């Protein structure tokens, strides 16, 4: 079965989000923000329609513990903070400062908390019909998959590629069913999986300044990550980290540049989901294809 390639929202090609990325069609960036806010709380757009366009959690800064006292001293707009399992601290700005989250981050040397949005993660395809959870994919396995839950379309398809090519899957959901998540959740999962042999991150994000969010900078050498579908040389995090194996696809939509380490087939990649055989397109599936080749042989 070949999945219908639908419109995709990326930096280089604007359009409506496919229904694999959202429960409903989204026709504008404002609708995308509304949809993300409904799932994750308030988010804001940085540099709308510009080269650094991305979504940020309104009023949230991410700092390393060693920098927290300096941030508090320089910025009076922090009303509370929360220590995160990833080793970072999330600071909450007062209401008067929330809309200025990017500027405030620069003032204090912190970084805004980015919201990953799944639109550039994969080329849009029609939503497959999955009637039940897939228990055969939920046990202990060889490849740690950091993605949506396995009963959501994207996670099911990426796991299906791994399974089709002989790997088993250990899921670590870091995105919601519709593909939204934040840097801190991903960082915590990377920390939890640092001793596992192969970790696949089938999602990612641009950053507003093209620098890696500090909380993601500690990725280990066991991480394989998709290079994104923006068709751009802009770094796609965490794939662009030197310690991570960035996998692009042999197609025009793929992220590209010197930070891409491996190029694999990313068009019509076969996947097994339940009893169905599917064909998937996107760098998420190219990365899964490569990760399957790294599975240790007993």
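The values are calculated or read from the model by the stated rules, or taken from the named source; none is laboratory data. Bear in mind that the values here come from a model prediction, so they are computed numbers and not experimental data. Virtual Cβ from ideal backbone geometry, glycine too; neighbours counted across all protein chains shown.
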For the subset of the range 176-193 comprising residues that are out of contact with any strand residue (DSSP E or B) (no Cβ under 9 Å at 6 or more places or on another chain) and part of a loop (DSSP other than H, G, I, E, B), which member is surrounded by the most Cβ atoms within 10 Å (Cβ to Cβ)? 178
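Determine if the range 93-107 includes at least one residue that is assigned to a loop (DSSP other than H, G, I, E, B), touching a residue at least 60 places away in the same chain (Cβ under 8 Å) and within 25 Å of residue 204 (Cβ to Cβ). Outline the logic, then answer.
Looking only at the range 93-107, we keep the residues that are assigned to a loop (DSSP other than H, G, I, E, B), and these are 94.
Now narrow it down to the ones that are touching a residue at least 60 places away in the same chain (Cβ under 8 Å): none.
There is no residue in the range 93-107 that is assigned to a loop (DSSP other than H, G, I, E, B), touching a residue at least 60 places away in the same chain (Cβ under 8 Å) and within 25 Å of residue 204 (Cβ to Cβ).
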Being within 21 Å of residue 231 (Cα to Cα) and at pLDDT below 65: is that true of residue 7 here? yes
When you check residue 100 against the structure, is it modelled with pLDDT of 85 or more, under 24 Å from residue 180 (Cα atoms) and touching a strand residue (DSSP E or B) at 6+ places or on another chain (Cβ under 6 Å), yes or no? no
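Of all residues in the range 240-281, count the ones that are on the phi > 0 side of the Ramachandran plot and in contact with a strand residue (DSSP E or B) (Cβ under 7 Å, 6 or more places away or on another chain). Talk me through it step by step, then tell me what you get.
Step one: of the range 240-281, the residues on the phi > 0 side of the Ramachandran plot are 257, 268, 274.
Filter once more, so that each one left must be in contact with a strand residue (DSSP E or B) (Cβ under 7 Å, 6 or more places away or on another chain): 268.
Result for the range 240-281: 1.
Rundown of residues vs (1) under 15 Å from residue 193 (Cβ atoms); (2) assigned to a loop (DSSP other than H, G, I, E, B), yes/no style:
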| position | (1), (2) |
| --- | --- |
| 221 | yes, yes |
| 239 | no, yes |
| 243 | yes, yes |
| 248 | no, no |
When you go through (1) in contact with a strand residue (DSSP E or B) (Cβ under 7 Å, 6 or more places away or on another chain); (2) crowded, with 18+ Cβ neighbours inside 10 Å; (3) free of Cβ contacts under 8 Å to residues at least 60 places away in the same chain one by one for residue 219, which number turns out not to apply? (1)
Only one of (1) assigned to a loop (DSSP other than H, G, I, E, B); (2) under 22 Å from residue 160 (Cβ atoms); (3) within 17 Å of the chain's Cα centre (by Cα); (4) at pLDDT 85 or above fails for residue 234. Which number is that? (2)
Counting just the residues of the range 163-175 that are in a loop (DSSP other than H, G, I, E, B) and in contact with a helix residue (DSSP H, G or I) (Cβ under 7 Å, 6 or more places away or on another chain), which one comes out nearest to residue 233 (Cα to Cα)? 174
The residue that is modelled with the highest pLDDT, considering only those in the range 251-271 that are buried (at least 18 other Cβ atoms within 10 Å of the Cβ) and touching a helix residue (DSSP H, G or I) at 6+ places or on another chain (Cβ under 6 Å), is 264
With (1) under 15 Å from the mean Cα position of the chain (by Cα); (2) surrounded by fewer than 24 Cβ atoms within 10 Å (Cβ to Cβ); (3) in a loop (DSSP other than H, G, I, E, B); (4) at pLDDT 85 or above as the list, and residue 207 as the residue in question, which single condition is left unmet? (4)
